[in-house]
Amino acid sequence: MEKKYGEVESGSATIVVRGVTFRLREILARWMMDVPEIMTLDGGTLGEDHHWIRFIDKDDRCYVVFEFNEEFDILSEMRADSLAWEGEDFFASRWR
């Protein structure tokens, strides 16, 4: 995940889609995912008409990246188990 999207929280807090700047939570709201169990981290643009958003799914305890197009259609999804990735440090670093 970090090879493709960079270190966690190294991306942007907003993404420009079709000339409009969106906060990450606004993008999640388009997919009805603006809920307390989701913690936004960062996002960015991979190329024309191709963007990504990274967040933590607290219920599943995993990092998630969605790639999406300018119509906000999800093109791909990548998940990484938080415990496998960070070990016990996950709880100390993310739940404060």
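Quick notes on this one:
- Choice from 64, 35, 20 showing the highest fluctuation, given a GNM over the chain with Cα pairs closer than 10 Å: 20
- Take the Kirkwood radius over Cα pairs of the range 3-48, plug it into Stokes-Einstein at 20 °C and 1.002 mPa s, and you get 187 µm²/s for translational diffusion.
- Taking amide H atoms as placed 1.01 Å from N in the peptide plane, the amide H of residue 34 lies under 5 Å from those of 29, each 5 or more residues away in sequence or on another chain.
- Over the chain, the Kirkwood radius and the radius of gyration, each from Cα atoms, give a ratio Rg/Rh of 0.96.
- Simple spin-label estimate for residue 81 and residue 1 gives 1.3 nm between the two label positions (7 Å along the Cα-to-Cβ direction from each Cα).
FYI, it's all coordinate maths here, none of it is from the lab. Source: prediction; values computed, not measured. Quick reminder, even Gly has a Cβ in these numbers, built from the backbone with ideal geometry, and neighbours come from all protein chains shown.
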